[in-house]
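Remarks on the structure that follows.
Laboratory data are not the source of any read-out in this text; all were calculated from the coordinates shown. What you see is a predicted model; the values in this text were computed from it and never measured.
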Amino acid sequence: MRLYLDGEFVRQENVDPYEWGAASPNDAALRDMDPGNYTLTAIATDTTGASSETSITVSVGGNASLYIEAEDADNLATGSFTPFQVLNDAGASGGEFIEVAPGNNSFATMPNDGYAEYTFSIASAAEVTVHFRVQAPSGTDDSFWVRMDGGTGIKFNAIAPGSAWHWDQVHDNNSGNTPVTWNLSAGTHTLRVAYREDGTKLDRLYISSDGSQP
């Protein structure tokens, strides 16, 4: 296995597992890199001389948008997740989504339990937006509470309706459904999503620092 960075040979591995940046050897080319985009390429050659290659692009020092599966909540195995539940749907990303158990509603305030938390990091200060992939089957099944880093809970109500999976940007229903942006510092942040109306389903989250959309 031959390893390349932007087309420049880094080293060759003859025994798996094939690793870059492992404790030994610690590739100097992969340390203290300048901000920017880089292409990492691995070319495998077997004993007959047949070869195959694969490449990935990575961003260093910048803020990348990211997708998070709703069922990958950090607190999934704790009591604070309940009465949220993970359910199956072949049309959902990864085949699963989260929804509060029927009969649970918290219209006026963000509940202390029944939330999903997601931790993410950004490399530099940025204005962040969040989109949810949701199903909101009716006007009484179309909302969540959303909070960033322990701040004020935002009533994400009047989600774009639809019983098929679709994306909607988090907006503040108490401010005329204005799209929400968070000015975040570099480092780690926590997004909390709590139930408000039963019947509203959450499949995936898209967190962006460059204004991009899913």
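Rounded to the nearest Hz, the phi-derived 3J(HN,Hα) couplings of segment 172-182 under the Karplus curve 6.51 cos²θ - 1.76 cosθ + 1.60 (θ = phi - 60°) are 9, 5, 7, 10, x, 6, 5, x, 8, 10, 10, where x marks glycine and proline. Here the mean projected area of the convex hull built on the C-alpha positions of the chain is 15.0 nm². Working note: Karplus 6.51/-1.76/1.60 with θ = phi - 60° gives segment 79-87 the couplings x, 5, 6, 5, x, 4, 9, 9, 10 Hz, where Gly and Pro are set to x.
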